[in-house]
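**Q** Can you keep this structure in mind? I'll have questions shortly.
The values are calculated or read from the model by the stated rules, or taken from the named source; none is laboratory data. Source: prediction; values computed, not measured. Counting neighbours? That spans all protein chains shown, and the Cβs are built from the backbone with ideal geometry, glycine included.
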Amino acid sequence: MTLLQVRNLCKHFELHQTGRRIPAFDALSFDLQAGEFLLVAGPNGVGKSTLLRSLYRTYLPTGGQALFHSRLGPIDLAGAADVDISFLRREEIGMVSQFLRPRPRVSALDLVAEPLLDTGIAAAREQAAIFLNAFGLKRDLWAAYPTTFSGGEQQKVNLARALIRPNRLLLLDEPTASLDRHARAALLTRLSELKAAGTALIGVFHHPEDVAELIDRELILSVPAAPKQTDELRLSGTLAQPSGGNHVVQ
Ligand SMILES: Nc1ncnc2c1ncn2[C@@H]1O[C@H](COP(=O)(O)OP(=O)(O)OP(=O)(O)O)[C@@H](O)[C@H]1O
């Protein structure tokens with residue numbers, strides 16, 4: 001089942017200091033099926049994180065469409081009202097970045113339990129404990145405030161919170177940065193479960209070998225060989241099989 005249809009999606013940034021327009025990516029098109037894992041690859045600064053943020057609507061795309069087949073019907077992520085995006089973020093689309101946003105005086109356990117509060121506080125905390133345990137956060141930190149945690153400890157809380165509730169689409173922006181081996185293995189296990197249950201995943205990984213067995217296709221963002229004779233570089237999207245063969249230009 002097709003979950004997402006991206007057509008000619010673009011994101012440009014206006015640099016107010018210089019008045020210049022910087023294209024992060026241009027005219028990207030691809031489809032994503034339920035249960036599929038798409039790796040987004042390419043060199044630094046080519047627009048990988050910007051693509052994820054544009055789909056999650058942290059950034060407003062500059063043009064094109066990203067038609068998400070929500071349970072409520074198709075919603076264009078590139079143009080939907082903020083209220084619809086808030087609904088999707090609560091119910092259907094998740095994003096995991098490299099950074100936790102800890103909140104003052106909220107314990108690690110409660111931060112992780114929060115997405116499940118509609119099941120009741122006791123059940124939500126019970127699940128949160130299972131997830132914190134799986135990611136290997138030391139038990140004596142569960143009641144502590146993550147503001148003082150190390151980078152890796154914060155990331156374990158971040159992942160447990162982001163992955164505790166299944167989503168239909170999950171966007172992963174370098175989730176393994178700063179994780180130890182145990183937590184990387186726990187992440188792989190959880191992503192496999194979600195994928196098997198039908199979650200579609202789009203991920204950026206500096207070490208894709210961490211999730212190699214899950215990858216179905218790659219979207220390779222690249223700067224074309226012959227850029228225009230202006231100071232703007234146009235970027236193009238290429239879809240490839242994980243083996244690197246059979247490149248299909250969209
Ligand atoms: N908020 C912003 N304002 C202006 N330019 C931005 C903004 N965010 C990103 N950019 C620019 O867009 C381009 C793409 O950035 P992005 O972070 O998406 O790259 P990336 O492929 O994820 O890079 P990396 O592999 O280094 O993480 C970069 O040139 C960056 O400077």
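Residue by residue, here is whether (1) farther than 23 Å from residue 124 by Cα; (2) outside any helix (DSSP H, G or I); (3) within 16 Å of the ligand (Cβ to nearest atom) holds:
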{"site": "159", "(1), (2), (3)": "no, no, no"}
{"site": "166", "(1), (2), (3)": "no, yes, no"}
{"site": "170", "(1), (2), (3)": "no, yes, no"}
{"site": "176", "(1), (2), (3)": "yes, yes, yes"}
{"site": "184", "(1), (2), (3)": "yes, no, no"}
{"site": "189", "(1), (2), (3)": "no, no, no"}
{"site": "192", "(1), (2), (3)": "no, no, no"}
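**Q** Residue 13: within 16 Å of the ligand (Cβ to nearest atom) and either loosely packed, with under 14 Cβ neighbours inside 10 Å or not in a helix (DSSP H, G or I) (or both), yes or no?
**A** On the way: within 16 Å of the ligand (Cβ to nearest atom): yes; either loosely packed, with under 14 Cβ neighbours inside 10 Å or not in a helix (DSSP H, G or I) (or both): yes.
So residue 13 passes the test.
**Q** For segment 169-188, which positions are buried (at least 21 other Cβ atoms within 10 Å of the Cβ) and over 20 Å from residue 138 (Cα atoms)?
**A** Answer for segment 169-188, where residues must be buried (at least 21 other Cβ atoms within 10 Å of the Cβ) and over 20 Å from residue 138 (Cα atoms): 169, 170, 171, 172, 173.
**Q** Being in a loop (DSSP other than H, G, I, E, B) and either touching a residue at least 60 places away in the same chain (Cβ under 8 Å) or more than 16 Å from the ligand (Cβ to nearest atom) (or both) is the filter here; which residues of segment 60-89 pass it?
**A** 71, 72, 77, 78, 79, 80, 81
**Q** Hey, residue 133 hits all of (1) over 23 Å from residue 181 (Cβ atoms); (2) at pLDDT 95 or above; (3) surrounded by 13 or more Cβ atoms within 10 Å (Cβ to Cβ) but one; which does it fall short on?
**A** The failed condition is (1).
**Q** Have a look at 93, 22 and point out the one that is among the aliphatic types (A, V, I, L, M) and more than 16 Å from the ligand (Cβ to nearest atom).
**A** Within the list 93, 22, the selection yields 93.
**Q** Something else about it: Scanning segment 97-113 for residues that are under 18 Å from the mean Cα position of the chain (by Cα) and in a loop (DSSP other than H, G, I, E, B), which turns out surrounded by the most Cβ atoms within 10 Å (Cβ to Cβ)?
**A** Filtering first and then ranking leaves 100.
**Q** Give the residues of segment 30-59 that are more than 9 Å from the ligand (Cβ to nearest atom), surrounded by fewer than 20 Cβ atoms within 10 Å (Cβ to Cβ) and without any contact (Cβ under 8 Å) to a residue 40 or more places away in the chain, sorted by residue number.
**A** 31, 58
**Q** Among the numbered criteria (1) of a type in the set (D, E, K, R); (2) assigned to a strand (DSSP E or B); (3) under 27 Å from residue 91 (Cβ atoms), which single criterion is violated by residue 26?
**A** (3)
**Q** Given the criterion in contact with a Ser or Thr (Cβ under 9 Å, 6 or more places away or on another chain) and small (Gly, Ala, Ser), identify the matching residue among 107, 86, 70, 97. Spell out how you get there, then give the answer.
**A** On the way: 107 fails: in contact with a Ser or Thr (Cβ under 9 Å, 6 or more places away or on another chain); 86 fails: in contact with a Ser or Thr (Cβ under 9 Å, 6 or more places away or on another chain); 70 fails: in contact with a Ser or Thr (Cβ under 9 Å, 6 or more places away or on another chain).
One residue alone meets the criteria, 97.
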